[in-house]
Amino acid sequence: MARDERETGERALLNLGHTFGHALEAATGFSDRLFHGEGVSVGMVLAAELSAQLGMIAEPDAARVKRHLAEVGLPTHLQDIAGFAQEGLADADALMGLMAQDKKVKRGRLTFILLKAVGRAVIAPDVEPSLVRDFLKAKLARKT
C-alpha cells in the first residue's frame, strides 16, 4: 500500500464496487439502511455486470460474483436496499450525479474498477456515461 498511497495503480484495484457503492451509500444518507460493506457488495455486482455488458467478462462470470456474495449473506441487488423506492435511490440520473462526486473522477470523467476475469480487476477510466446511465436504468427497472 505504501507504494501506491494515492490509489492510482495497484491499490486502486481494491476499489472494485466502490464507485457504485459510495453513490448508493450517499443516496441512503449514509445511514444504517446500507452499511459500507453492503454498498460495496451491491457495487461489486454492478461492476461485474457492467463488465459483462461491456464484453470484458462473460455473463456467467458476473453471475458467479453475484452468487458468491449472496451465499455469504450480502445484498446483491439494488432492490435489496431498505427503502429502495425512495427518491434518489431509484433514479439513475441522481445516482450518476452522486458518482460524479467520486474521488476517482478525473477531468470530469468517471473511472470504474471493472473485471477482465474473476479475480482480475482493471482500471477503466473512460466508460461512456450514457452507457452507465442506461445500464443503471435497466437495473433499476428490474424487480430481481
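The values are calculated or read from the model by the stated rules, or taken from the named source; none is laboratory data. Being a predicted model, the structure only gives us computed values, none of them experimental. Methodologically, a virtual Cβ is constructed for each residue, glycine included, from the backbone with ideal geometry; neighbour enumeration extends over all protein chains shown.
Numerical summary
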read-out: Counted residues, the stretch 11-41 - those being at positive phi, loosely packed, with under 14 Cβ neighbours inside 10 Å and not aromatic (F, W, Y); value: 1
read-out: Matching entry among L89, L46, L78, L110 (being buried (at least 17 other Cβ atoms within 10 Å of the Cβ) and either modelled with pLDDT of 95 or more or farther than 21 Å from R133 by Cβ (or both)); value: L46
read-out: Subset of the stretch 49-62 (residues that are surrounded by 17 or more Cβ atoms within 10 Å (Cβ to Cβ), more than 14 Å from the chain's Cα centre (by Cα) and free of Cβ contacts under 8 Å to residues at least 60 places away in the same chain); value: D61
read-out: Residues within the stretch 1-37 that are of a type in the set (A, V, I, L, M, F, W, C) and at pLDDT below 90, tallied; value: 3
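Every residue, every condition in (1) touching a helix residue (DSSP H, G or I) at 6+ places or on another chain (Cβ under 9 Å); (2) within 13 Å of F20 (Cβ to Cβ); (3) in contact (Cβ under 8 Å) with a residue 12 or more places away in the chain, yes or no:
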| residue | (1), (2), (3) |
| --- | --- |
| R64 | yes, no, yes |
| E71 | no, no, no |
| L74 | yes, no, yes |
| V105 | yes, no, no |
| G108 | no, no, no |
| V127 | yes, yes, yes |
| S130 | no, no, no |
